[in-house]
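Below: the structure, in structure tokens.
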Amino acid sequence: MKRAPRPKLAVAPKPIQAGMIAPCGMNCALCIGHLREKNRCPGCNDRRGELRSAHCRHCRIKECTEQGQPNRFCGECPAFPCRRLRQLDHRYRTKYGMSMLENLEAIRTFGIRKFVAQEKKKWACPECGATLCVHRKECLRCGRARTKT
């Protein structure tokens, strides 16, 4: 029996920009929490914490001060990559084909502006140009299957 297709979202969230890159290297602009229409998450770096989901508000990685003051990115920490970050990276590599550690290395090597420019190209749907969701196998706007990034 053929399943009914999921309804497509009219995606109009914040674009990929430097402020949407979380300390762990997650590009929040690719997250389903940010791309969904209802209860849209503003991203990890948004100062209005009450708008973020509970697990984001209490994120141990974002709030980490193990090495003193919190860093803008975990790649700046002398303990990089810590156990928590390696576990998160493993889960995202396995389930979604994306690496936070690779993102952080790219930020460290090329800088945030070049990284953001690369992300815009890498995560744009080739069919309709919408930002692809890391948590879904198809474009939320047009339904085209996401290819390996």
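Couple of notes before you dig in:
- Here's the list of aspartates and glutamates a cross-link from residue 62 could span, going by alpha-carbon distance under 16 Å and ignoring same-chain residues fewer than 8 apart: 46, 50, 76, 89.
- FRET E, pair residue 60, residue 117, Förster distance 35 Å, beta-carbon r, rounded to 0.05: 0.70
- Per-residue HN-Hα couplings for segment 105-116 [Karplus 6.51, -1.76, 1.60; θ = phi - 60°; Hz; x = Gly/Pro]: 5, 5, 5, 5, 7, 9, x, 5, 5, 5, 4, 4
- Extension gain, residue 72 to residue 124, is 16.2 nm, computed as 0.36 nm per intervening residue step minus the present C-alpha separation.
- Simple spin-label estimate for residue 109 and residue 37 in nanometres, 7 Å along Cα-Cβ: 4.0 nm
- Restraint check, 14/120; 38/137; 95/137, Cα-Cα greater than 18 Å: 38/137
- Evaluating 6.51 cos²θ - 1.76 cosθ + 1.60 at θ = phi - 60° for every residue in segment 120-129, the Karplus couplings come out as 4, 6, 5, 9, 8, 5, x, 7, 10, x Hz, glycine and proline recorded as x.
- Net length available on complete extension from residue 17 to residue 144 is 43.4 nm, with 0.36 nm assigned per residue and the Cα-Cα distance removed.
Each reported figure results from applying straightforward, stated rules to the coordinates on display, with no laboratory input. Only a predicted model underlies this, so the values are computations on that prediction, with no experimental measurement involved. Note: ideal-geometry Cβ built from the backbone for every residue, glycine included; neighbour counts use all protein chains shown.
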